[in-house]
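The values are calculated or read from the model by the stated rules, or taken from the named source; none is laboratory data. Keep in mind that what you see is a predicted model, and the values were worked out from it rather than measured. Every residue, glycine as well, gets a Cβ built from its backbone with ideal geometry; the counts of neighbours run over all protein chains shown. The protein model used for the area step is the full one, side chains on, heavy atoms only, and it has no ligands, DNA or RNA in it. Shrake-Rupley method; radii C 1.70, N 1.55, O 1.52, S 1.80 Å.
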Amino acid sequence: MNKKTNVFGVLCFGISMVGFAQQHQEVATIEQLDEIVISDSRFELKRENSGKTVIKISKQDIENNQGKNIAELINTKSGIEINGSRSVEGQNLGYYVRGGSTRQVLILVDGIAVNDPSLVSNEFDLRLFDLNTVESIEIIKGAASTLYGNAAATAVISITTKKASSNTVAGNFMSVIGTNQSQEDLDYNPSSFTNNVSVNGTANKFNYLASFGNRFVDGLSAAKSDNPEADAFNRFNTNLKLGYEFSDAFNISAFASYDKLKTDIDGFPAPSYTLADTDDEYHSEQTRVGISPKFTYANGSVQVNAAYSKIDRESISDYTTTNEAESFVVDAFNKYVFNETFYTIAGLNYTEYKSLFVEEESYTNTDPYLNAVYVSPFGLNINAGARLNNHSEYGSNLVYNVNPSYSVSLNEGYVKAFGSYATSFIAPNLSQLFGYYGANPDLEPEENLTMEGGLEFNTEKGIRLSALYFHRDEENTIIYTTGYENAATDAKVQGVEVEAEVKPCNSVSFTANYTFTELIDGTRLRLPKHKANAGLGYNFSSNTYASLNYQFVGSRMDTDFSTYQDVDLDTFSLVDLYFSHKLLENRLKLFVGVTNIFNEDYIEVMGYTTKGRNVNLGLNINL
């Protein structure tokens, strides 16, 4: 055993003996080198052969964060700020990655792009999503339009939902009861209720999964005021997944989902038109159906992902607005593996978006694309491709990427240098062109260029360190003044992202990340220049787990709605605690989470309420 292993052994033994006398503590060799990533190439590649630092949120990570929502979990990762995730439950969410805006982040669910064509940023509303239906999440940052198309300019968040059990019948039930209180009102009354139940299984060649979830949260006002009233949030989720394996070569899967949320919100009533407690409401309903046939042959596969979604939204106030939107997405692609070193994917992506404003408006994209991956036997790896974006309103636009990396094998791991040069094209959204507020049909598309380079060090002894520098140039950035318009000057953003993951043994894990984001030119609201996260997890035994997590958010700029002047928001730090224990042969798990332990008083969105110290108690039953 070498000196490094001895150090880790002493560390693990020492931690296990501090107040918790375990009779046996085995120092494990953590095999991180064979970790598989998919999103940056759409092939299953070892992390060593990937040209990006792909963020993976595993099934275990999700289980160790039960009681949180999906936005809260993603918000702990490097380079990402999901603004609104710390505020009242119904708060709008903004996805800010590498100094970009919400409309530059693409979200996939089981490989299919999801969005709302009637929203200003065309984004998918993560408030609709139930984390308890998720198996894993992969996040790639930087321009990824070659593989994923319009809007994939700063990040792609790829969500994989849970799969059916191999047993004929299996089930799961989870329930969480918690508080929902601000810093001033620590009464610890139960105000948050989350439930999810699923039934799934496999019978011969047929598999199925059905789930239902509900989340109800009350007790906080959206607007921060001296005499707040409670603004309730209520969400329902229904999901059905079916699959049939006709043969070893051909299978087909289908899904249907219905998601609905209703939340009380606060508005800007006359005559002051400043944020105040009101009886306004926001309703959103989403229906999605899709089908994915796949044919596998000797050296590859042909697959089609097709989905239709319909969204109905309504904002109820003194001036009620109704939005209806539809999207139709088809992604047909052929993956071919020439040999162990050369992989290709060729496809055609078609999307049609419709939205009803004063009248129905629509546009389509028809994009052929090609991407190739070369994995050499001497450490050089290249991921490169191109896509021709054919937009019904803006014509043809070519986007491309070149993503080389070079790894050097060590006795117990590797060191990898990687870089990327990639472009993106982002057409104006239907709401910006034809919507109710500030529409401008003469908008030009945004164009984005991202360059990045970095190093990664990974060992089989449980250490992974990475650091990268990125630089982004934006042309024709769409901004809002008295209406939507293209900015007169280009926006430039640069930054640094650092990640560390240390797993000296099976019982101890430490993760940390730091992001520095600097706006060279342009203006961005609610984007911290410095942000850091750290987490320490400890398995007392195979059945008992605890974690302590820390988040620091640096100063950032926001708009004061009472004066409509830009102001600087102070830095803040949050500390969370989580504890779980499994009973009945791992069929029953009890858990408790405490967020914002020190009851930090801070502002996330100017004028809106943030959460104080809160407690969640939950149970998870597997059948």
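Cβ-Cβ below 9 Å, separation at least six or inter-chain, first residue in the stretch 493-520 and touching a residue at least 24 places away in the same chain (Cβ under 8 Å) and closer than 10 Å to G79 by Cβ, second open to solvent by 60 Å² or more (accessible area, probe 1.4 Å) and β-branched (V, I, T): which pairs?
E499/T511
Checking E281 against (1) more than 30 Å from V330 (Cβ to Cβ); (2) assigned to a loop (DSSP other than H, G, I, E, B), which single condition isn't satisfied?
Every condition holds for E281 apart from (2).
Quick one: count up the residues across the stretch 257-278 that are open to solvent by 40 Å² or more (accessible area, probe 1.4 Å), over 17 Å from R313 (Cα atoms) and part of a strand (DSSP E or B).
Residues in the stretch 257-278 being open to solvent by 40 Å² or more (accessible area, probe 1.4 Å), over 17 Å from R313 (Cα atoms) and part of a strand (DSSP E or B): 1 in total.
Looking only at the stretch 601-622, decide whether some residue is touching a strand residue (DSSP E or B) at 6+ places or on another chain (Cβ under 6 Å), modelled with pLDDT under 95 and farther than 22 Å from V88 by Cα.
There is at least one residue in the stretch 601-622 that is touching a strand residue (DSSP E or B) at 6+ places or on another chain (Cβ under 6 Å), modelled with pLDDT under 95 and farther than 22 Å from V88 by Cα.
Within the group S409, S405, S392, S396, which residue is within 15 Å of N49 (Cα to Cα) and open to solvent by 10 Å² or more (accessible area, probe 1.4 Å)?
On the way: S405 fails: open to solvent by 10 Å² or more (accessible area, probe 1.4 Å); S392 fails: within 15 Å of N49 (Cα to Cα); S396 fails: within 15 Å of N49 (Cα to Cα).
Only one candidate passes the filter, namely S409.
I'd like to verify a number: residues in the stretch 303-324 that are open to solvent by 60 Å² or more (accessible area, probe 1.4 Å) and of a type in the set (V, I, T), how many? Walk me through it before giving the result.
Of the residues in the stretch 303-324, the ones open to solvent by 60 Å² or more (accessible area, probe 1.4 Å) are 308, 310, 314, 318-320, 322, 324.
Among the residues that remain, those that are also of a type in the set (V, I, T) are: 320, 322.
Qualifying residue count, the stretch 303-324: 2.
Please list, ordered by residue number, the strands (runs of 3 or more DSSP E) wholly in the stretch 523-585 having 2 or more residues that are at pLDDT 95 or above.
530-539, 544-553, 572-583
What's the number of the condition V358 fails, among (1) in contact (Cβ under 8 Å) with a residue 60 or more places away in the chain; (2) surrounded by 17 or more Cβ atoms within 10 Å (Cβ to Cβ); (3) among the β-branched types (V, I, T)?
Every condition holds for V358 apart from (2).
How many residues does the stretch 227-252 contain that are outside any strand (DSSP E or B), over 19 Å from S166 (Cβ atoms) and of a type in the set (D, E, K, R)? Before the answer, list the steps.
From the stretch 227-252, those outside any strand (DSSP E or B) are 227-232, 246-249; that's our starting set.
Still in the running and over 19 Å from S166 (Cβ atoms): 227-232, 249.
This time we only want the ones that are of a type in the set (D, E, K, R), so: 229, 231.
Final tally of qualifying residues: 2.
Can we say E444 is under 20 Å from Q104 (Cα atoms) and out of contact with any Asp or Glu (no Cβ under 6 Å at 6 or more places or on another chain)?
Numbers: under 20 Å from Q104 (Cα atoms): yes; out of contact with any Asp or Glu (no Cβ under 6 Å at 6 or more places or on another chain): yes.
Here the answer is yes, as E444 does meet what is asked.
Check whether at least one residue in the stretch 435-451 is outside any loop (DSSP other than H, G, I, E, B), open to solvent by less than 50 Å² (accessible area, probe 1.4 Å), within 17 Å of T515 (Cα to Cα) and in contact (Cβ under 8 Å) with a residue 40 or more places away in the chain, and report yes or no.
The initial filter retains those residues of the stretch 435-451 that are outside any loop (DSSP other than H, G, I, E, B), namely 446-451.
Filter again for open to solvent by less than 50 Å² (accessible area, probe 1.4 Å), leaving 446, 448-450.
Next, only the ones that are within 17 Å of T515 (Cα to Cα) stay: 450.
Then keep just the ones that are in contact (Cβ under 8 Å) with a residue 40 or more places away in the chain; that gives 450.
Checked the stretch 435-451: at least one residue is outside any loop (DSSP other than H, G, I, E, B), open to solvent by less than 50 Å² (accessible area, probe 1.4 Å), within 17 Å of T515 (Cα to Cα) and in contact (Cβ under 8 Å) with a residue 40 or more places away in the chain.
Give me the pairs, please: first residue somewhere in the stretch 525-540 and touching a residue at least 60 places away in the same chain (Cβ under 8 Å), second residue anywhere and basic (K, R), beta-carbon distance under 6 Å, and either six or more positions apart or on two chains.
R526/R556; L527/R556; P528/R556
Exactly one condition in (1) open to solvent by less than 10 Å² (accessible area, probe 1.4 Å); (2) in a loop (DSSP other than H, G, I, E, B); (3) under 26 Å from D264 (Cβ atoms) is not met by G100; state its number.
The one condition G100 does not meet is (3).
How many of the residues making up the stretch 239-259 are of a type outside the set (A, V, I, L, M) and either touching a Leu at 6+ places or on another chain (Cβ under 8 Å) or closer than 22 Å to N92 by Cα (or both)?
Summing the residues that are of a type outside the set (A, V, I, L, M) and either touching a Leu at 6+ places or on another chain (Cβ under 8 Å) or closer than 22 Å to N92 by Cα (or both) in the stretch 239-259 gives 7.
Please specify each residue of the stretch 571-598 satisfying the condition of being open to solvent by less than 30 Å² (accessible area, probe 1.4 Å) and of a type outside the set (A, V, I, L, M).
To start, the set of residues in the stretch 571-598 that are open to solvent by less than 30 Å² (accessible area, probe 1.4 Å) comprises 572, 574-575, 578, 580, 589, 591, 593, 596.
Passing the criteria: F572, Y578, S580, K589, F591, G593, N596.
Select, from D34, D61, the only residue that is assigned to a helix (DSSP H, G or I) and surrounded by fewer than 21 Cβ atoms within 10 Å (Cβ to Cβ). Spell out how you get there, then give the answer.
Values: D34 fails: assigned to a helix (DSSP H, G or I).
On inspection, the qualifying residue turns out to be D61.
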